[in-house]
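For reference, the structure is listed below as structure tokens.
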Amino acid sequence: MPRDLEDLHKGATVPGDCGAPHDVMPPWMDRDRFNRGRDFFQRHLPGIFMSHYINVIFGFGVGSILDVLLYTGKSSSPEQAMKRYVSTARRVMLWHDGDVWDVNSKAHASVMTVRNMHGQVARAITKKRKGSITGSEPGDNKDCKSDVKECGSDRVFISQYDMALTQAGFIGFVLYPEKFGILCTIAELEDYIFFWRGIGYLLGMEDEYNMCSGNYAETCRIISQIENELIKPGFQNPPEGFDLATTAFIEGMQLYLNANHLTKDAMFSFAYDLMDLPLYKVSMGDWCRFIFVKCMVWLTERLPGFNSFATRGISFVLKRENPD
């Protein structure tokens, strides 16, 4: 079990798929606890959906993740981003709705599709980059946390480290659930963390790098380190391609959700506020949009009936015509 970000970073030279069997549950699996985590998603869908939205933006600030996303060519325009991330949202919903441990289920097949795609992309990038990285040796002082393009020849694309950082995006809200309008107990959050431990296993993550292997406090400690050492610096000094990817994603979601109030400046204001960073100057219109979004998120589970209404709305939107 990883104790901190440094432990996770050791996985930067370890392939993201450890080869664990997909048709055998690990000995630590507790199906009742796993199912409670799955049910948690259903009860708090609006808040979790919003957290995933924001964490996609956060992910663009991490060079190793952004590099892979841009390589696939599916994050460079609003139309491409819309197809990519709506498809991802649908997959995640299916993993929560179905039984990922039933090898004959659609949910299990979906997880395996993603696992196979990771392997294909990793091999393609490695083949393209083979021999192109010169002037550095394994153990070089270059920091692989910031930009894979500057790392030595020991760099593994879609490594266990990359998988862990991506996993953090799906459970990062546990650090401050109330900021996403989620009202729950620590025990419920631990069940949801455990759910993603199981998903990580099925995607090929080793327990050594699975950040969901610990309890709530241990997981939050790692998430906090990721926020302070990677996400905040990534926002303040973004990697090449950050503006392209964030603009494409936000405008793509505007198109699909028909939500013109979710502008780039409004959503960046929400992200900065979330991390307690000083807000940068935006227009009065975007300031009002930011306040509107923040109020809607706060009211989600506090206004009777609003959470159920929003859950139905999100489910309907994601199940409508396929953007693919």
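Take segment 160-199 and flag every residue that is polar (S, T, N, Q) and within 18 Å of residue 61 (Cβ to Cβ).
Scanning segment 160-199 gives 166, 167.
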>> So, in segment 297-310, how many residues would count as being within 22 Å of the chain's Cα centre (by Cα) and outside any loop (DSSP other than H, G, I, E, B)?
In response: 3
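Per-residue answers, yes or no, for (1) modelled with pLDDT of 95 or more; (2) open to solvent by less than 30 Å² (accessible area, probe 1.4 Å):
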position: 198; (1), (2): yes, yes
position: 201; (1), (2): yes, yes
position: 204; (1), (2): yes, yes
position: 209; (1), (2): yes, yes
position: 212; (1), (2): yes, yes
position: 216; (1), (2): yes, no
position: 236; (1), (2): no, no
position: 240; (1), (2): no, no
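Somewhere in segment 32-46, is a residue assigned to a helix (DSSP H, G or I), within 19 Å of residue 200 (Cα to Cα), open to solvent by 10 Å² or more (accessible area, probe 1.4 Å) and among the acidic types (Asp, Glu)?
There is at least one residue in segment 32-46 that is assigned to a helix (DSSP H, G or I), within 19 Å of residue 200 (Cα to Cα), open to solvent by 10 Å² or more (accessible area, probe 1.4 Å) and among the acidic types (Asp, Glu).
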>> Which count do you get for residues in segment 242-274 that are within 23 Å of residue 83 (Cα to Cα), open to solvent by 30 Å² or more (accessible area, probe 1.4 Å) and of a type outside the set (Val, Ile, Thr)?
In response: 11
> Any idea which of 74, 83 is surrounded by fewer than 21 Cβ atoms within 10 Å (Cβ to Cβ), at pLDDT below 95 and assigned to a helix (DSSP H, G or I)?
Replying inline: 83
>> Which numbered condition in (1) open to solvent by less than 10 Å² (accessible area, probe 1.4 Å); (2) closer than 30 Å to residue 317 by Cα; (3) in a helix (DSSP H, G or I) is the only one that residue 11 fails?
In response: (2)
> Just checking, which of 316, 292 is in a helix (DSSP H, G or I) and in contact (Cβ under 8 Å) with a residue 24 or more places away in the chain?
Replying inline: 292
>> Restricting to segment 48-81, and then to whatever is over 30 Å from residue 300 (Cα atoms) and among the β-branched types (Val, Ile, Thr), can you tell me which residue is farthest from the chain's Cα centre (by Cα)?
In response: 72
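Residue-wise test of (1) at pLDDT 95 or above; (2) surrounded by fewer than 14 Cβ atoms within 10 Å (Cβ to Cβ).
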site: 95; (1), (2): yes, no
site: 102; (1), (2): yes, yes
site: 107; (1), (2): yes, no
site: 110; (1), (2): yes, no
site: 114; (1), (2): yes, no
site: 119; (1), (2): no, no
site: 123; (1), (2): no, yes
> Only one residue in 23, 67, 17 is surrounded by fewer than 15 Cβ atoms within 10 Å (Cβ to Cβ), of a type in the set (D, E, K, R) and at negative phi, so which one is that?
Replying inline: 23
> Within the bounds of segment 243-259, is there any residue that is in contact (Cβ under 8 Å) with a residue 12 or more places away in the chain and in a loop (DSSP other than H, G, I, E, B)?
Replying inline: no
>> For segment 275-298: of the residues being open to solvent by less than 50 Å² (accessible area, probe 1.4 Å) and at pLDDT below 95, which is nearest to residue 177 (Cα to Cα)?
In response: 275
> In segment 166-194, how many are under 25 Å from residue 295 (Cβ atoms), surrounded by fewer than 21 Cβ atoms within 10 Å (Cβ to Cβ) and more than 18 Å from the chain's Cα centre (by Cα)?
Replying inline: 5
> For residue 229, which of the numbered conditions (1) without any contact (Cβ under 8 Å) to a residue 40 or more places away in the chain; (2) open to solvent by 50 Å² or more (accessible area, probe 1.4 Å); (3) part of a helix (DSSP H, G or I) fails to hold?
Replying inline: (1)
> Taking segment 6-47, which residues are of a type in the set (A, V, I, L, M, F, W, C), at pLDDT 95 or above and more than 23 Å from residue 112 (Cβ to Cβ)?
Replying inline: 40, 45
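The values are calculated or read from the model by the stated rules, or taken from the named source; none is laboratory data. Here the structure is a predicted model, which is why all the values come from computation and not from measurement. For neighbour counting, all protein chains shown are included, and Cβ atoms are generated from backbone atoms with ideal geometry for every residue, glycine included. Calculation scope for accessible area: heavy atoms of the full protein, side chains included, ligands and nucleic acids excluded. Shrake-Rupley method; radii C 1.70, N 1.55, O 1.52, S 1.80 Å.
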